[in-house]
Amino acid sequence: MHSTAFRTHTCGDLRAEHAGSSVTLAGWVHRRRDQGGLVFLDLRDRYGLTQVSVSKDDVPEAHAAASDAKPEYCLRVEGEVVARPEGARNDKLATGDVEVIARSITVLSESPTPPFPIESNEEVSDEVRLRYRPLDLRTARMRENIVRRHRVASHIRSFFDERGFVDIETPILAKATPEGARDYLVPSRVHPGKFYALPQAPQIYKQILMCGGFDRYYQLAHCFRDEDLRADRQPEFTQLDLEMSFVEQEDVLSMLEELISQLVAQVAKHPVELPRPWPRITYADAMLKYGSDKPDLRFGLEIQDVTEQTRGCDFKVFAAAGTVRGLRLPGGASLSRKEIEAFQEDAAPHGAKGVAWMKVTEEGGSGPVAKFFPDGSLASAMGAEPGDLLLFVAADDVDLVAHSMGAVRLAAAAKLELVPENAFAACFVVEFPLFFPDGEGGVVPAHHPFTMPVEEDWALLESAPEKVRAKAYDPVLNGVELGSGSIRIHRADLQQRVFAAMNLPAEEAREKFAFLLDVLQYGAPPHGGIALGLDRLVMLLCGEENIREVIAFPKTARAVDLMSDSPSPVEPEQLDELQLRLLDGLV
């Protein structure tokens, strides 16, 4: 019950036991049914619906107000709760056993016809929904998503409070540091020509907190990245930021595993119990078996390396390739040639020139590849049975093959409807490379430059940095990377070696990271943590496919807020204060 000056109950409160009570409700007109002398209103707030009936003979003024009320009028209703007759009960509503007989109705505010019905099955464009976001937030879908997001955040805070973590805010106006994406810059009026950066993540600050003795820190942190958007990216987003001292990798993973498993079991729209412990899959195995560093484990379809089995064969595409990988689709032989060749469209964006294939039949094989393996050796090596379809990608570039096959795997699972509905599957991907090639003969951090290398690989930092493995890890849920974490470097000498492997001069490293390098000299503890994307996690728990559906006020794919019309021009006087000038042609 939420009693205020405007209401004694919400529109979701009333039950049979309230019959005979005088109540006051406030909400929006969801639906109106006019039967002449009797008007029925469904009054809605975020808690539910209550049916209100208004008699012309008993309360003519209230009846007139109800007759004039249109969808989304905001009303205050006073009346008596009565039980509905047996045949008039609505089992689909929590309040369906009762209705309110109105004594008075006050119109708190009127509404024009909304640009779209608040509750209907008709499709509404994303542009319209975002432009009229307050109305969109009144829909059941958005209401449930935003409330579930609140429940997730509340659960997270309780979880970490119970385990001795401290919620600490870190600065929003920070120093620009190279972290992989473009910064949003904020010009300083007080220091002309200098800029703050909005944080891409509180990475350095949380490491400093560990050095400051706060051994268990967390924060639901607002972060900003000026990058191209997609379904699971927004320019501003929220992450669960977490750091712990005196830990090794498994301490962090087990903590995350417990938290996320609880959320899936207790807060998800379709809750399930995740099997524990989650699989720990090395980066190398993930790329080999799933063609992705965020493998979707809700179905099988493991990719197989068949380079040795195809070596020396008469099929030139295979014989000339440094890597050949295949995918067995059980029952896939039922697909038509056109459907099979469509998989090439999934592989092409990753550089594959084609997808070879072969059907396995009782008589042997059919398709372009079958004639090169008439003895059935390739099909046998892949464990194929009659009725299966085998798909292949071959090239010299192992990463090209891996990513192409990964895309084909996902497309095949969707085509064959192998993804169970409302299912969840989780894993951790571990042992990422510390560096990736930069395309110019050097390396760049795969995660960030503060990631601890695996001890056995320290000797390779100077001689073969591309072979160094990292104590880095990603939690993955349903093929979505929820975040990235690592054990951090806590020794200044090792940090300098990592900077040197990146060809980052000591002077430049000090210029960019002096405040971290300095604090590492004063007894920094071993520590590690993670940044978990709250929006992505809530998206999965709500059964949505785009994080816009779980953010109250999101941006479009072009980073525009249609509701507030931002970004927008500013007055010349504001630019003058900041001593800024726009380039010619920009207004």
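Per DSSP H run of n ≥ 4, the term is -39500 (n - 2.57); total these for the chain, divide by its residue number, and report the mean residue ellipticity at 222 nm rounded to 500 deg cm²/dmol.
Details: 18 runs with 161 residues, N = 587.
Counting only the DSSP helices, I get -7500 deg cm²/dmol.
With every protein chain in place, what's the accessible area of Phe372 (1.4 Å probe, Å², nearest 10)?
Counting only protein heavy atoms, the figure is 60 Å².
Lysines near Lys92 by alpha-carbon distance under 24 Å, same-chain residues fewer than 8 away left out - which ones?
Filter leaves Lys70, Lys269.
In percent, how large is the relative contact order of the chain, given Cα pairs closer than 8 Å and 6 or more residues apart?
Numbers: 1134 pairs, mean separation 75.4, N = 587.
It comes to 13 percent, rounded to a whole number.
Would you mind telling me the antiparallel percentage of the DSSP bridges in the stretch 47-171, rounded to 5?
Given both bridge residues lie in the stretch 47-171, the antiparallel proportion sits at roughly 85 percent.
Considering only Ala176, Ile547, Ser109, whose Cα is most displaced toward the positive end of the charge dipole of the chain, charges sitting on Cβ of Lys, Arg (+1) and Asp, Glu (-1)?
Projecting each Cα onto the dipole axis, the largest value belongs to Ser109.
Loop-only check: which GluC sites (Glu not before Pro) in the stretch 228-301 are DSSP coil with at most 15 other Cβ within 10 angstrom? Before the final figure, lay out the partial values.
Working: sites: Glu236, Glu243, Glu248, Glu250, Glu257, Glu258, Glu273; in loops: Glu248, Glu273.
Passing sites in the stretch 228-301 are Glu248, Glu273.
Solvent-accessible area per residue for the stretch 231-358 at a 1.4 Å probe radius, Å²? Intermediate results must be reported in sequence, preceding the final value.
On the way: 5850 Å² over 128 residues.
Per-residue value: 46 Å².
Is there a pair in Lys467/Lys512; Lys175/Lys206; Lys294/Lys555 whose C-alpha atoms are over 22 Å apart, and which pairs would that be?
Lys467/Lys512; Lys294/Lys555
Positive end of the dipole of the chain, charges at C-beta (+1 Lys, Arg; -1 Asp, Glu), about the Cα centre: which of Ala379, Val152, Ser188 has its Cα farthest in that direction?
Of Ala379, Val152, Ser188, it is Val152.
Using only protein heavy atoms and a 1.4 Å probe, report how much of Glu127 is accessible, in Å² to the nearest 10.
110
So what J values fall out for the stretch 103-110 if you push phi through Karplus, 6.51 cos²θ - 1.76 cosθ + 1.60 with θ = phi - 60°, rounded to Hz, Gly and Pro as x?
Working through the residues one at a time gives 9, 8, 10, 10, 7, 7, 6, 8 Hz.
When ligands, DNA and RNA are left out and all protein chains stay put, how many square angstrom of accessible area per residue does the stretch 1-84 have with a 1.4 Å probe?
Accessible area per residue: 46 Å².
Show me the chymotrypsin sites (Phe, Trp or Tyr not before Pro) within the stretch 500-587 that DSSP assigns to loop and that have at most 14 other Cβ atoms within 10 Å of their Cβ. Intermediate values should be presented prior to the final figure.
Values: sites: Phe513, Phe515, Tyr522; in loops: Tyr522.
Here the chymotrypsin sites (Phe, Trp or Tyr not before Pro) that fit, given the DSSP loop and packing criteria, are Tyr522.
How big is the dipole moment of the chain about its Cα centre under a simple scheme where the beta carbon of each Lys and Arg is +1, that of each Asp and Glu is -1, and everything else is neutral? Debye, nearest 20, please. Can you show the working numbers first?
Details: 64 positive and 91 negative charges, 143 e Å.
With Lys and Arg at +1 and Asp and Glu at -1, about 680 debye.
What accessible surface, in Å², does a 1.4 Å probe find on Trp28, ignoring ligands, DNA and RNA and rounding to the nearest 10?
80
Run the numbers for Glu545 and Ser377: contour at 0.36 nm per residue of separation, minus the present Cα-Cα distance, in nm. Provide the component values of the computation, followed by the final result.
On the way: separation 168, 0.36 × 168 = 60.48 nm, distance 4.12 nm.
56.4 nm is the gain from fully extending Glu545 to Ser377.
Which chymotrypsin sites (Phe, Trp or Tyr not before Pro) in the stretch 215-294 pass both tests, a DSSP loop state and at most 12 other beta-carbon atoms within 10 Å? Display every interim value, and only then the final one.
On the way: sites: Tyr217, Tyr218, Phe224, Phe237, Phe246, Tyr283, Tyr290; in loops: Phe246.
In loop regions of the stretch 215-294 (DSSP not H, G, I, E or B), the sparsely surrounded chymotrypsin sites (Phe, Trp or Tyr not before Pro) are Phe246.
Gap in Å between the Cα centre of the stretch 136-162 and the Cα centre of the stretch 66-97?
Rounded to whole Å, the Cα centres lie 28 Å apart.
Step through the residues of the stretch 376-391 one at a time and calculate ³J(HN,Hα) from phi using the Karplus curve (6.51 cos²θ - 1.76 cosθ + 1.60, θ = phi - 60°), rounding each to whole Hz and writing x for Gly and Pro.
3J(HN,Hα) across the stretch 376-391, in whole Hz: x, 5, 5, 4, 5, 4, 8, x, 6, 10, x, x, 8, 10, 10, 10.
Of the accessible area of the chain, with the probe set at 1.4 angstrom, what percent is carbon plus sulfur?
Numbers: 14480 of 28840 Å².
Percent of accessible area from carbon and sulfur atoms in the chain: 50.
What are the equivalent ellipsoid semi-axes of the chain, built from the alpha-carbon gyration tensor (square roots of five times its eigenvalues), in whole angstrom, biggest first? Spell out each step's value before the answer.
Details: eigenvalues 520, 263, 110 Å².
Sorted largest first and rounded, they come to 51, 36, 23 Å.
Going by amide H atoms built from the backbone, whose H comes under 5 Å of the H on Gly12, apart from near neighbours?
Those qualifying (amide H under 5 Å, at least 5 residues apart or on another chain) are Tyr47, Gly48.
The values are calculated or read from the model by the stated rules, or taken from the named source; none is laboratory data. This is a predicted model, so every value here is computed, not measured. Using ideal geometry, Cβ is built from the backbone for each residue, glycine included, and neighbour counts are taken over all protein chains shown. The accessibility values were calculated without ligands, DNA or RNA, using every heavy atom of the protein model including side chains. Shrake-Rupley method; radii C 1.70, N 1.55, O 1.52, S 1.80 Å.
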